[in-house]
Amino acid sequence: MNKKSKFTFYLFLLLGGILILQILYLGSEQSMTENMREKKVLFVQLTGLPDLALYSNSNYIRHRSLSLPSDIYALDGCLREYDSATYAINDSTIASLK
Amino acid sequence: MKNKINIYLMEYALGSILRQGHKSIFIAVVFTLLSALLTSIFFITNSIKYELNTTVDALPQIIVQNTKASRVAEIDINSVDKLLNLPGISNVNARVWGYYYFANAGVNFTLVGVDEFEEQYSKTLGNVVNTGKLSSSSMLIGSGVRDIMNSSYYKDYFNFIKPDGTIKKVEIAGVFDSDIELESNDMIVMSKDTLREIFGIQESKATDLVVKVANLEEINTVALKIEQMFPNARVITNDDMKLSYENIFNYKSGIFLALFVVAIFTFFIIIYDKMSGLSSEQKREVGILKAIGWRVEDVLKEKFYESLIVSLFAYFLGVILALAYVYIFNAPLLRDIFIGYSDLKPLFKISFVLDFQTLFLVFFLSVPIYIAATIIPSWKVATLEADDVIR
């Protein structure tokens with residue numbers, strides 16, 4: 001084995017090592033524990049509102065059970081904000097400038 | 001012995017990669033970025049799906065809402081007794097909840113009312129709140145709500161403006177645990193009575209009804225019966241909710257598909273460039289190798305090793321970068337597709353899910369294609385006579 005081959009071998013070993021360590025670290029630190037899962041289920045059971053507090057301009061993204069049929073139209077007149085999915089979120093700062 | 005890795009060919013392949021210098025680096029960089037992007041996208045969607053699926057079984061079995069002129073309207077509490085008379089229904093709970101627009105910060109809070117003295121609720125709340133206990137004059141808030149309130153100098157209480165213009169002062173009793181931030185970020189939980197006061201909802205009305213069915217098989221039948229009993233009711237079963245999750249992901253998939261197509265397209269341009277033939281220098285190299293006695297098989301093996309080293313290196317590096325990007329750095333830029341531009345956005349701390357399907361998918365979409373794109377043109381040249389190639 002020449003120097004280049006040894007270097008490549010060690011490089012792949014290093015990559016594999018980093019990957020395994022990363023997976024082990026994330027598995028122990030970032031994965032959902034049973035306790036977390038229990039809390040999430042309890043909270044959703046309590047409120048009955050399962051949706052995540054995320055938003056992406058899509059309709060019904062937040063608490064879809066209280067959306068209206070007309071919410072699918074972006075210019076629904078019942079809203080104070082400028083688009084239809086802003087029940088849970090702020091409107092755009094740029095769009096709010098009048 | 002024939003299939004054993006030929007270390008000399010491997011060394012030659014390494015030398016060839018290093019000789020090509022900038023070209024090898026460019027391909028490795030593009031390949032790494034591509035696999036990192038694809039893997040990140042799949043990691044994010046998988047983790048969010050996992051988050052949603054975790055709580056999917058905790059969904060109410062049936063939600064009954066009243067509609068008036070196609071708009072959701074308050075429902076009469078008397079409907080609870082009517083529903084309880086239906087065979088199959090074991091429990092009906094009248095919920096009071098809604099959105100409160102805090103104009104100062106331009107955000108909407110989700111307010112949910114609970115019966116604070118019911119043992120079941122106090123036990124549940126105790127598990128999901130860091131400190132503090134709910135009382136008739138206090139509320140529990142999500143961490144996003146706390147930040148927004150703090151920025152408006154509401155540290156210990158918040159003044160809600162009631163429909164009649166008067167103010168309802170509610171103390172902040174506690175903040176929801178950071179473990180449930182994705183669910184509770186914009187939520188405020190308080191007693192039903194306080195909520196009725198803030199929203200101006202009468203005692204005889206509720207926002208909607210949650211129906212519990214004794215036999216899970218009967219959910220759809222019961223939902224049908226409720227629809228017949230209340231023709232203007234909007235009856236939502238947990239299956240409808242699950243289906244709407246799918247719709248969300250179909251929408252998300254559209255965004256991702258666009259990114260995916262761009263990424264794949266870039267990759268295929270590189271592949272096409274490689275497929276379209278070897279450079280004259282590379283052809284001469286193959287010709288010389290053949291002239292000094294290399295067989296077609298040896299040339300192909302060498303090219304295989306060459307492409308395998310580059311593509312595997314890029315793939316592994318891409319996966320490592322994607323894992324760090326999504327789970328350690330919380331996916332900057334890409335997370336905006338999900339959380340938008342809201343001032344009430346949660347930390348994008350999604351749970352780590354090791355999805356081998358994703359890893360295999362990205363692997364098979366990239367590594368074998370690249371290897372094929374390297375070997376096929378080499379095979380075309382290697383099968384020619386050596387003097388034809390050199391000349």
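Readers should treat all values here as calculations from the given coordinates under stated rules, not as data from a laboratory. All figures in this text were calculated on a predicted structure; none of them were measured in a lab. When we count neighbours, we look across all protein chains shown, and the Cβ atoms used for this are built from the backbone with ideal geometry, even at glycine.
Peptides A:3-15, B:35-47 ranked from most to least packed by the mean count of surrounding Cβ atoms within 10 Å: B:35-47, A:3-15.
Inter-chain Cβ neighbour count for B:99-109, averaged per residue, equals 4 (cutoff 10 Å, partner chain atoms only). Label reach from residue B:228 (point 7 Å along Cα→C-beta): in region B:78-92, amide nitrogens under 20 Å belong to B:79-91. Considering only beta bridges that DSSP places wholly inside chain B, some 80 percent are antiparallel. For the peptide B:349-356, the mean number of other protein chain Cβ atoms found within 10 angstrom of a residue's Cβ is 4. Between residue B:292 and residue A:37, the modelled labels are 6.0 nm apart [label points 7 Å from Cα along Cα→Cβ]. Distance from the Cα centroid of region B:161-239 to that of region B:2-37 is 59 Å (rounded to whole angstrom). Approximating the spin labels as points 7 Å out from Cα along Cα→Cβ, the residue B:23-to-residue B:57 distance works out to 5.7 nm. Residues whose amide H comes within less than 5 Å of that of residue B:96, counting only those at least five positions distant or on another chain, are B:113, B:207 (H built at 1.01 Å from N in the peptide plane). Close amide H pairs (under 5 Å, H built 1.01 Å from N) link residue B:174 with B:139, B:141, residues at least 5 positions away or on another chain. Scanning residues 5 or more positions from residue B:72 or on other chains, none has an amide H under 5 Å from its amide H, with H placed 1.01 Å from N in the peptide plane. Shielding by partners for peptide B:60-67, expressed as the average number of C-beta atoms from other protein chains within 10 Å of each residue's C-beta, is 2.
Please state the relative contact order of region B:75-206 as a whole percent: Cα pairs under 8 Å, 6+ residues apart? Could the numbers behind the result be given before it?
Working: 228 pairs, mean separation 42.4, N = 132.
Answer for region B:75-206 is 32 percent.
GNM on chain B, alpha-carbon springs under 10 angstrom: the most fluctuating residue among B:105, B:94, B:322 is B:105.
For the peptides B:137-148, B:221-232, B:179-190, what is the packing order when you average, over each peptide's residues, the other Cβ atoms within 10 Å and list the highest mean first?
Numbers: B:137-148: 22.8, B:221-232: 15.7, B:179-190: 25.8.
With the highest mean Cβ count within 10 Å placed first, the list reads B:179-190, B:137-148, B:221-232.
Across region B:145-161, coupling constants 3J(HN,Hα) worked out from phi with the 6.51/-1.76/1.60 Karplus curve, θ = phi - 60°, read 5, 4, 4, 5, 5, 4, 5, 9, 6, 9, 9, 10, 8, 9, 9, 8, 8 Hz, and Gly and Pro carry x.
How big is the shadow of the Cα convex hull of chain B, averaged over all directions, in nm²? Don't skip to the answer; put the middle values down first.
Working: hull surface 110.5 nm².
Computed as one quarter of the Cα hull surface, the answer is 27.6 nm².
Summarising the label geometry, the points placed 7 Å from Cα in the beta-carbon direction at residue B:240 and residue B:365 lie 3.5 nm from one another. Rounded to the nearest angstrom and listed largest first, the equivalent-ellipsoid semi-axes of region B:75-206 from its Cα gyration tensor are 27, 19, 12.
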